[in-house]
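See below for the structure under consideration.
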Amino acid sequence: MAERSLFVFVDESGDFNFSPSGSKYYTFTAIITHYPSEKATEFQDLKNGILSKALIPKLSEYYLEEFIAHRFHASEDLQDVRDEVFKLIGSMERFKAHSIVVPKNKTNPSIREPHKFYPKALSSLLDYIFKRYKYSDLVIFVDGMAVNYKKKAFLKAIKKSIALKAPRKPYSIYCPSSSSNYFLQVVDYINWAIYKKWESGDLRSYDTISKFLGTPEKNIYERGDTEYYSVEKK
């Protein structure tokens, strides 16, 4: 079979506050698929069903206009909406996900700036793709709103990893708003579920999406013992 384009959608969760008052973890998740239009019609139907109030009648006009009309976003969506989105995601079959988990209190102070932090984490994340998949070229999408001011460091880390590990493979990287591509919304939901599992022990959403993980999420400091501060928040 001829090699095909491989589509990769990347999302991140956490903050760059490396102290007890910040998030405990930083997570990166990539969705990997040869079929970037799977369930496209169903996602549009779901959005239309919510916007028309046929599916969830009680939602306010303000909420629908400010949020659902633009995109699904796990941390902002109400639980009734999340339930419907996770149900639809759970019916999908043609992608895998891989996730990297970074315990922030084990991250050496010398690599906490984005231009040093991203290369270490994203290199580990992209390793999965290079080792497991055959493809003619990579097409990578990152939510432009998510990376925001860290965009330059984020993209540089991805390009460096590709140059080192797959230098002969062509690739493209795009950073649109997630409102323009529903697969960016899917990876947001999956990454959010993984983040919630690690940050607060909430498994409700994780149990829905765990079947998509090509391998269990990888704690990159699993073997490290050094902690630079306590994770207990004040």
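If S37 satisfies all but one of (1) surrounded by fewer than 20 Cβ atoms within 10 Å (Cβ to Cβ); (2) without any contact (Cβ under 8 Å) to a residue 40 or more places away in the chain; (3) over 14 Å from F183 (Cβ atoms); (4) not aromatic (F, W, Y), what's the number of the condition it fails?
(3)
Here is a check on your reading of the model: is K87 exposed (fewer than 15 other Cβ atoms within 10 Å of the Cβ), modelled with pLDDT of 95 or more, farther than 16 Å from F9 by Cα and of a type in the set (K, R)?
It is true that K87 is exposed (fewer than 15 other Cβ atoms within 10 Å of the Cβ), modelled with pLDDT of 95 or more, farther than 16 Å from F9 by Cα and of a type in the set (K, R).
Can you tell me which residue among F95, F130, F141, F183 is touching a Cys at 6+ places or on another chain (Cβ under 8 Å) and either in contact (Cβ under 8 Å) with a residue 12 or more places away in the chain or among the acidic types (D, E) (or both)?
F141
Go through region 173-199 and count every residue that is closer than 24 Å to S124 by Cα and at pLDDT 95 or above.
The qualifying residues number 17.
Yes or no, residue by residue, for (1) under 25 Å from E199 (Cβ atoms); (2) not aromatic (F, W, Y):
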| site | (1), (2) |
| --- | --- |
| F9 | yes, no |
| I32 | yes, yes |
| L55 | no, yes |
| A74 | yes, yes |
| D77 | yes, yes |
| I111 | yes, yes |
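Within region 165-180, track down each residue that is in contact (Cβ under 8 Å) with a residue 12 or more places away in the chain and either among the basic types (K, R) or closer than 26 Å to H115 by Cβ (or both).
Those that are in contact (Cβ under 8 Å) with a residue 12 or more places away in the chain and either among the basic types (K, R) or closer than 26 Å to H115 by Cβ (or both): K165, A166, K169, P170, Y171, S172, I173, Y174, C175, P176, S177, S178.
How many residues are farther than 16 Å from P36 by Cα and in a helix (DSSP H, G or I) if we restrict to region 165-186?
1
Looking at P170, P216, which one is exposed (fewer than 13 other Cβ atoms within 10 Å of the Cβ), out of contact with any strand residue (DSSP E or B) (no Cβ under 7 Å at 6 or more places or on another chain) and closer than 21 Å to F9 by Cα?
The match here is P216.
Of all residues being out of contact with any strand residue (DSSP E or B) (no Cβ under 6 Å at 6 or more places or on another chain) and in contact (Cβ under 8 Å) with a residue 24 or more places away in the chain in region 1-16, which is nearest to D202 (Cα to Cα)? Just the residue, please.
Here the residue is F16.
Residue check: is F117 modelled with pLDDT under 95 and within 23 Å of L155 (Cβ to Cβ)?
Answer is yes for this residue.
Which numbered condition trips up I162, out of (1) part of a helix (DSSP H, G or I); (2) farther than 18 Å from S23 by Cα; (3) within 15 Å of the chain's Cα centre (by Cα)?
(3)
Can you name every residue in region 92-111 that is among the polar types (S, T, N, Q) and either within 14 Å of S13 (Cα to Cα) or part of a loop (DSSP other than H, G, I, E, B) (or both)? Break it down into steps so the answer makes sense when it comes.
At the first step, the residues of region 92-111 found to be among the polar types (S, T, N, Q) are 99, 105, 107-108, 110.
Those that are among the polar types (S, T, N, Q) and either within 14 Å of S13 (Cα to Cα) or part of a loop (DSSP other than H, G, I, E, B) (or both): S99, T107, N108.
Would you mind telling me which numbered condition in (1) loosely packed, with under 12 Cβ neighbours inside 10 Å; (2) assigned to a loop (DSSP other than H, G, I, E, B); (3) modelled with pLDDT of 95 or more A2 fails?
(3)
Of these, E38, E65, which one is of a type in the set (D, E), assigned to a loop (DSSP other than H, G, I, E, B) and farther than 20 Å from D207 by Cα?
The unique qualifying residue is E38.
If I go through region 203-213 residue by residue, how many of them are in a loop (DSSP other than H, G, I, E, B) and surrounded by 14 or more Cβ atoms within 10 Å (Cβ to Cβ)? Talk me through it step by step, then tell me what you get.
Start the filter on region 203-213 by keeping residues that are in a loop (DSSP other than H, G, I, E, B), which leaves 203-205.
When the remaining residues are screened for being surrounded by 14 or more Cβ atoms within 10 Å (Cβ to Cβ), the result is 205.
Number satisfying all stated conditions: 1.
Would you point out the residue of region 119-159, among those that are among the charged types (D, E, K, R) and outside any helix (DSSP H, G or I), that is surrounded by the most Cβ atoms within 10 Å (Cβ to Cβ)?
Step by step, filter region 119-159, then rank; the result is D143.
The values are calculated or read from the model by the stated rules, or taken from the named source; none is laboratory data. Because the structure is a prediction, the values reported are computed rather than measured. Glycine gets a Cβ as well: all are built from the backbone with ideal geometry, and neighbour counts include every protein chain shown.
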